[in-house]
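The structure under discussion appears below in the form of structure tokens.
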Amino acid sequence: MAKLIFEMSSEGRKGYTLPKLQVPEKKVSSLISEKFIRKNFARLPQVSENEALRHFIELSRLNHHIDKGFYPLGSCTMKYNPKINEDAANNPGLNSLHPMQSEELSQGALSLMYELAEYLKEISGLKEVTLQPAAGAHGELAGLMLIRAYHENQGNPRENILIPDSAHGTNPASVTIAGYKSVQIKSDENGLVDLEDLKKHLDENTAALMLTNPSTLGIFETQLQEINELLENVGALLYMDGANLNALLGIVRPGDIGVDVLHFNLHKTFSTPHGGGGPGAGPVGVSDKLIDFLPVPKIKKEKDTFKLEYNVPKSIGRIHSFYGNFSVLVRAYVYIRMLGSKGLKRVSENAIINANYLKERLINHFQLPYKSTPMHEFVFSGSKLKEKGVSTLDLAKRLLDYGFHAPTIYFPLIVNEAIMIEPTETETKETLDKFADTMIQITTEIEENPDIVRNAPHKTPVSRLDEVKAIKEPDIRFQFKKVTG
Ligand SMILES: *Cc1c(COP(=O)(O)O)cnc(C)c1O
């Protein structure tokens, strides 16, 4: 059905007109060395503006995205992103600003970043925030570098970071890149940190505990007082993975419950379109202990002027060129300003209510292995379906036929046949009901005609792919089969 844009090309057709030249015409060869000049024209597609537009609209229709349908991808917070954010990020005064521009001429951008950091401090209860990291995982790395710098300053960087088995998968990867060893801590039957196991592994060689909170089970860790005492006894720090902060806004401030380092995922919690590799922003907030080590440059306010400060002797240095992904910072700033403190709290309340509503609607049809009340997401097990010869993967693929994005599956690893659902706060009850009805309908299909689920999807542009082959030998010229329905 859909053609490649190259296949639509027609010699001489074009969708642009260039203005008359206002300078004397020169030959390209007088401007560029001969060896860099093409011998033949690039074979670019020659199409009209109309064709180009339709082509890309058609492609966007073949794909799934949040502007098209429900996207309950657990741990990813695929919520609706207000379009006003895009307007603000596209403001020429912001998006045409060159990062090498002088401080004097960048006061608007600097004040926006300064204020955003102030808001994040207020939201998190932490003492200072850097906006530089470009993603959640980058924030983790920056946070771990701060932890290392802190311990080094005390005379010993230590060797281990403890990570519960319900943590996000990027945590152990970041730990390794930061030169630490990750040591896994078990969860108890409620999905909380198993304190006995924590005690067993905690010692003077522990640099920090790295806690995803709420965990990837969507469960809030309630034993922080005990955990903090244990950490303090050995001089270890508490890192909190705050990518799931959309469960906590206005309800819990990590800085108030003993957290030393926290990364935010602005692109998730504070609404930037994300997925497919970015862009993102993963600011890091720290407690008093770690302020001296934050990256440079820092944005300082002196009277009404904003300055960049580079002279910070104990700083870990730069971790991104310039100040990070500025346009994501603009979106987060607008989102926070637009909602205010009451609005942000409602974000979290709605995220939690939506998740719990959906969980209740489905609980008689799937297994909930960890019984604690979830926050913004929950994890079912598809193990009962497996007994009928249908896997979680089959269920996920069948959901695509009904126009839903699949939940996150097979993660977290501690749940067999995991189905991780995060509805987010931006969905209506009607959408949640439609999704729940569809999930239940698929369980009926599994009873009556399991093959239709096993062979799904049937209505998407491509059917079930060999996913390993698709990654290792991508065939970008595959034939689209007819889209039915
Ligand atoms: C998404 C996520 C991350 C990683 O964030 P990226 O921006 O994708 O690097 C880390 N931790 C948790 C809990 C997450 O949900």
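Every number here is computed from the coordinates shown, using simple stated rules; none is lab data. Because the structure is a prediction, the values reported are computed rather than measured. Cβ coordinates were reconstructed from backbone atoms using ideal geometry, including for glycine residues, and neighbour counts include every protein chain displayed.
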Order these by the 10 Å Cβ neighbour count, fewest first: GLU118, GLU430.
GLU430, GLU118
Please list the non-local residues whose amide H lies under 5 Å from the amide H of PHE306, H modeled 1.01 Å from N, same-chain partners needing a gap of 5 or more.
none
Pairs of Cα atoms under 8 Å, at least six residues apart: use those to get the relative contact order of the chain, whole percent.
18 percent
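Would you mind telling me the antiparallel percentage of the DSSP bridges in the stretch 147-271, rounded to 5?
5 percent
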In nm, to one decimal, how far is the modelled label at GLN154 from the one at SER463, with both set 7 Å along Cα→Cβ?
6.0 nm
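How charged is the neighbourhood of PRO369? Take every other residue with its Cβ under 12 Å from the Cβ of PRO369, and add Lys/Arg as +1 and Asp/Glu as -1.
Details: positive: LYS371, LYS384; negative: GLU189, GLU417.
Result for the neighbourhood of PRO369: 0.
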Global geometry of the stretch 381-477, whether rounded, prolate or oblate, following the gyration tensor of its Cα atoms and the 1.5 cut on a/c:
rounded
Likely footprinting exposure, SER341, SER75, fewest C-beta neighbours within 10 Å first
SER341, SER75
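Given axes a ≥ b ≥ c from the Cα gyration tensor, I'd like to know whether the chain is rounded (a/c under 1.5), prolate (a/b larger than b/c) or oblate.
Values: a/c = 1.87, a/b = 1.08, b/c = 1.73.
Oblate shape, in that a/c is at least 1.5 and b/c is the bigger or equal ratio.
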Rank the residues THR428, THR460, THR17 as a footprinting-exposure proxy: fewest other Cβ atoms within 10 Å of their Cβ go first.
THR17, THR428, THR460
Taking Lys and Arg as +1 and Asp and Glu as -1, residues besides HIS274 with C-beta under 12 Å from its C-beta add up to +3
Where does the chain land at 222 nm, in deg cm²/dmol rounded to the nearest 500, when only DSSP H runs of n ≥ 4 count, each adding -39500 (n - 2.57), divided by all residues?
-11000 deg cm²/dmol
Extension gain (nm, one decimal) between ASN416 and ILE84, 0.36 nm per residue minus Cα-Cα:
115.4 nm
For a quick check of your reading of the filter: which GluC sites (Glu not before Pro) in the stretch 1-84 sit in a DSSP loop and have no more than 13 other Cβ atoms within 10 Å?
GLU11, GLU25
Would you please give the residues with an amide H less than 5 Å from that of ASP241, counting only those at least 5 places away or on a separate chain, with H modeled from the backbone geometry?
LEU211, THR212, ASN213
Please label the shape of the stretch 33-176 as rounded, prolate or oblate, based on the square roots a ≥ b ≥ c of the eigenvalues of the alpha-carbon gyration tensor (a/c under 1.5 means rounded; beyond that, a/b larger than b/c means prolate, else oblate).
prolate
Placed amide H near MET78: partners under 5 Å, 5+ positions off or other chain:
LEU73
Here the membrane-span-like helices of the chain, with no claim about any membrane, defined by DSSP H, Cα axial extent at least 27 Å and mean Kyte-Doolittle at least -1.0, are 326-362, 429-448
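Nothing charged except the Cβ atoms of Lys and Arg (+1) and of Asp and Glu (-1): what's the magnitude of the dipole of the chain about its Cα centre? Round to the nearest 20 debye. Please list the in-between numbers first.
Details: 56 positive and 60 negative charges, 443 e Å.
For the chain, the charge dipole is close to 2120 debye.
What does DSSP give for the chain in terms of the percent of beta bridges that are antiparallel, rounded to the nearest 5?
Around 55 percent antiparallel, to the nearest 5.
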Per DSSP loop assignment and a cutoff of at most 16 other beta carbons within 10 Å, the chain keeps its longest run without exposed chymotrypsin sites (Phe, Trp or Tyr not before Pro) at 81-309
